[in-house]
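Everything below concerns the one structure shown next.
The values are calculated or read from the model by the stated rules, or taken from the named source; none is laboratory data. Just so it is clear, the model here is predicted, and its values are computed rather than measured. Please note: Cβ atoms are built from the backbone with ideal geometry, for glycine as well, and neighbour counts cover all protein chains shown. Areas reflect the complete protein model, heavy atoms only, side chains present, ligands, DNA and RNA absent. Shrake-Rupley method; radii C 1.70, N 1.55, O 1.52, S 1.80 Å.
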Amino acid sequence: MLVIKVGGGRGISYEEVCSDLAELHAKKHPWLLVHGGSNETNALATALGHPPRFVTSASGYESRYTDRATLEIFEMAYCGKVNKGIVERLQSLGVPAIGLAGLDGRLLAGPRKSTLTIVEQGKKKVLRDDHTGKITSVNTELINVLYDAGYVLAVCPPAISDDHVAVNVDGDRAAARIAEALGACDLIILSNVPGLLTDPEDESSLISHIAPSNLDHYFKYAKGRMKKKLMAVKEALAGGVGRVVLGDARLAHPVQEALAGRGTVIGTETNHRG
Ligand code: ADP
C-alpha cells in the first residue's frame, strides 16, 4: 500500500495528482490519498466574514486556531468542495473512489486539545474552545472492508475526538498515522515546493536525500508548516514506514516522480520493504 498526502497550498493542481493516481490504479498499484484544503478554507472563511487565524504554539509550531465556526467552515471546504471535487475527478478517470473525513466511521480518532498555548508578540496566551486533536487510532478495519470490496479512499480531516467532537488534525500527521497503521512501504507527501530546501526562497536548494538517523539535524531548515511535515516524516519512520518522499505536486506525474525518488527522500534510497 502506498499512502499519498497532497497539500492544499497555493499552486497545487489536483488534476495531475488524480490522473497519476488513476494510472497507478489501472496498474493495480494500491494507494490511499490523504488531502488538505487550507487554501480553499482560507478563501471561504474570508468570504464568510470569519477570516482564518494562524497562531504559533509555545513549542514553535504554526497552526490554525479552530473555534466552532472555523471548524464548520473547514468542513465545508475540506469535506465538501475539495474532497468531493477529488472524488468526482477520480470517478471520471475510472477510479472507484470514496471520500471520507476522518470522523466518518471513526476512521481517525484521538484526544481533543481544547486549549492552545500560543506566543503572540513575545507573550504567552491561552486560547480556549479550540477544536484540535491528535490521532491515536486509525480504523483499519473500515479501510480494509472498503478496499476488499474494490473501493479506493480519499481521506481528509477532521478526525473525531474521544469525546465525539469533530477536531482539526494535521493532514501530514494523519497521513503518517494511516501509513503506519496500514504497514505502508512508502509515504509520499506532495506540496507546492520541490521538497525540503536549505533556503525556502530558492527552489534549487533541494536536499535530495536524508538518512533517517540524521533527520533531526534537518529541522533547522524548516520554517512555518514545513516543521510539521518533518514531524510527520519522523513519526512515519518511527512507525515502520520504509521511506518518505517530500515531492512536488506541481509536476506532471507528481506521484510517480516521487516514487522514482524525485524530491527529498528520507529513508533507504531503494526501498526493499513491502
Ligand atoms: P501543504 O499545504 O501543501 O501541505 P504547507 O504550506 O503546509 O504545504 O507547507 C509547504 C510550505 O512550507 C512551502 O510552501 C514553503 O513555503 C514552506 N517551507 C518552509 N520551510 C521550508 C523549507 N526549508 N523547504 C521547503 N519549504 C519550506
In the range 195-219, what residues are under 17 Å from Asp172 (Cβ atoms), within 8 Å of the ligand (Cβ to nearest atom) and open to solvent by 30 Å² or more (accessible area, probe 1.4 Å)?
Pro200
Pick from the range 220-253 the residues that are farther than 24 Å from Leu2 by Cβ and loosely packed, with under 15 Cβ neighbours inside 10 Å: which of them is modelled with the highest pLDDT?
Lys220
Filtered residue count, the range 161-210, keeping only those that are in contact (Cβ under 8 Å) with a residue 24 or more places away in the chain and either more than 20 Å from the chain's Cα centre (by Cα) or outside any loop (DSSP other than H, G, I, E, B) (or both)
31
Number of the exception - Thr70 against (1) in contact with a helix residue (DSSP H, G or I) (Cβ under 6 Å, 6 or more places away or on another chain); (2) open to solvent by less than 40 Å² (accessible area, probe 1.4 Å); (3) more than 13 Å from the ligand (Cβ to nearest atom):
(1)
Heads up, the strands (runs of 3 or more DSSP E) in the range 10-64 (entirely inside) with at least 3 residues that are away from the ligand (no atom under 12 Å from the Cβ) and open to solvent by 60 Å² or more (accessible area, probe 1.4 Å) are none
Scanning for something surrounded by fewer than 19 Cβ atoms within 10 Å (Cβ to Cβ), more than 19 Å from the chain's Cα centre (by Cα), away from the ligand (no atom under 12 Å from the Cβ) and not in a loop (DSSP other than H, G, I, E, B), does the range 73-90 turn up at least one residue?
yes
List pairs: first in the range 58-84 and over 16 Å from Thr132 (Cα atoms), second crowded, with 20+ Cβ neighbours inside 10 Å and of a type in the set (Ser, Thr, Tyr), Cβ under 8 Å, 6+ apart or cross-chain?
Ala77/Thr41
Meets criteria (at pLDDT below 95 and closer than 30 Å to Ala260 by Cβ) for Asn39:
yes
